[in-house]
């Protein structure tokens, strides 16, 4: 450098100064990002979750289109977004026009149809700026057939007796099953999950078919991930061992199935009692099931809520039950305005956001009620046995406070005698904020529901 001409030295000094300035600027920007990092996650009982299929959430199907509507979701009562897989979708052996979002071809890339990594970072930052949280789907069980690992690391995949790679389930023909006996694979999957936490500051994961992945790997993985920051971990599964592995939440499938049977008239309320008893007996103290009447699987392979629960009003009544039982309420994108048909995972479906403003108000009212009620978040539950096979009644209690939930589960009027034990209290209707007056016989319209707060004991 000393042999350079003085003019060149000056030029280099200018370049160096500029570089230092830019470097300082970048350092400052990075510091600002660090300062914005979310230091904690919400208590699990405080979560109201919203599942987003980016491809179908908007006509554009992009991160930016979702970012533009975060205020609407927050106003609805949502504080935690769950994004279905954001990575590129495999094209080899794909299903439908677009392929399954759960057939991932690159764990550390974003689907170019959704936007760029910069767009995703903007989404995450915007979510955090609004006091909300965001988790993404992790598909650890399998990859697409055109994932680079298929050629580069065939030893990372399960094979049949002939040495041929196989899908994890016979009709999952678009994905190849991963082999968790391979230690290198186990570590690489953890690395890819750390990537999204460390690089983009996401708040955790919803883990696809978690029960099909070894529990010991989940424990190793979650322990390692939590070294970076506190995170939310939701398991698609209902095995109690998932909590021993570090998960915070799991699927409340059994209650979902019980409610469908009750609404169909195929089961009595004892089916709900059975599920509550199993949950209390078989799961640890920190058990938090997500409560739903719809999600991407139940919508795609079962039906829309208005069909599963007979009518739109029937679906509303079912959601009231789910949102007032112990657990974490979940909405699938578009549920708040209703669907005209099922949302196919492999095709384009554009939600009509102007379809049903009254339905949206219903969900907003219920979710806001949940947010502002510690009893619904953490109170104990007790079903009230009443002389009616149509009106479901249960209480939520916390210390000396009590809420009574009453839901007509039938598409016809119903009458039920008010239990004497409840007649000694005064009540306020939590949805109308009006005093509730009872006679001994309570009448309900088809699928009518009431959520009442006990005011005082006489």
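Could you say which residue among 99, 61 is within 28 Å of residue 190 (Cβ to Cβ) and in contact (Cβ under 8 Å) with a residue 12 or more places away in the chain?
Values: 61 fails: within 28 Å of residue 190 (Cβ to Cβ).
Of 99, 61, the one residue that is within 28 Å of residue 190 (Cβ to Cβ) and in contact (Cβ under 8 Å) with a residue 12 or more places away in the chain is 99.
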Qualifying residue in the range 58-77 (condition: exposed (fewer than 12 other Cβ atoms within 10 Å of the Cβ) and modelled with pLDDT under 95): no
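Out of 120, 63, which single residue is closer than 29 Å to residue 359 by Cβ, in the same structural domain as residue 232 (by TED's automatic domain parsing) and more than 16 Å from the chain's Cα centre (by Cα)?
Values: 120 fails: closer than 29 Å to residue 359 by Cβ.
Only one candidate passes the filter, namely 63.
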Among the residues of the range 103-134, the number that are closer than 18 Å to residue 62 by Cα and in contact with a strand residue (DSSP E or B) (Cβ under 7 Å, 6 or more places away or on another chain) is 5
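Based on this model, can you work out whether residue 90 counts as under 30 Å from residue 290 (Cα atoms), crowded, with 20+ Cβ neighbours inside 10 Å, in contact with a helix residue (DSSP H, G or I) (Cβ under 8 Å, 6 or more places away or on another chain) and modelled with pLDDT of 95 or more? Give the derivation first.
Values: under 30 Å from residue 290 (Cα atoms): yes; crowded, with 20+ Cβ neighbours inside 10 Å: yes; in contact with a helix residue (DSSP H, G or I) (Cβ under 8 Å, 6 or more places away or on another chain): no; modelled with pLDDT of 95 or more: yes.
It is false that residue 90 is under 30 Å from residue 290 (Cα atoms), crowded, with 20+ Cβ neighbours inside 10 Å, in contact with a helix residue (DSSP H, G or I) (Cβ under 8 Å, 6 or more places away or on another chain) and modelled with pLDDT of 95 or more.
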Report yes if some residue within the range 412-422 is buried (at least 19 other Cβ atoms within 10 Å of the Cβ) and within 30 Å of the chain's Cα centre (by Cα); otherwise report no. no
Among the residues in the range 386-398, are any assigned by TED's automatic domain parsing to the domain that holds residue 449 and out of contact with any strand residue (DSSP E or B) (no Cβ under 7 Å at 6 or more places or on another chain)? yes
Filter the range 324-371 down to residues that are touching a helix residue (DSSP H, G or I) at 6+ places or on another chain (Cβ under 6 Å) and assigned to a loop (DSSP other than H, G, I, E, B) and give me whichever is surrounded by the fewest Cβ atoms within 10 Å (Cβ to Cβ). 342
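The values are calculated or read from the model by the stated rules, or taken from the named source; none is laboratory data. Just so it is clear, the structure is predicted and the values come from calculations on it, not from any experiment. Virtual Cβ from ideal backbone geometry, glycine too; neighbours counted across all protein chains shown.
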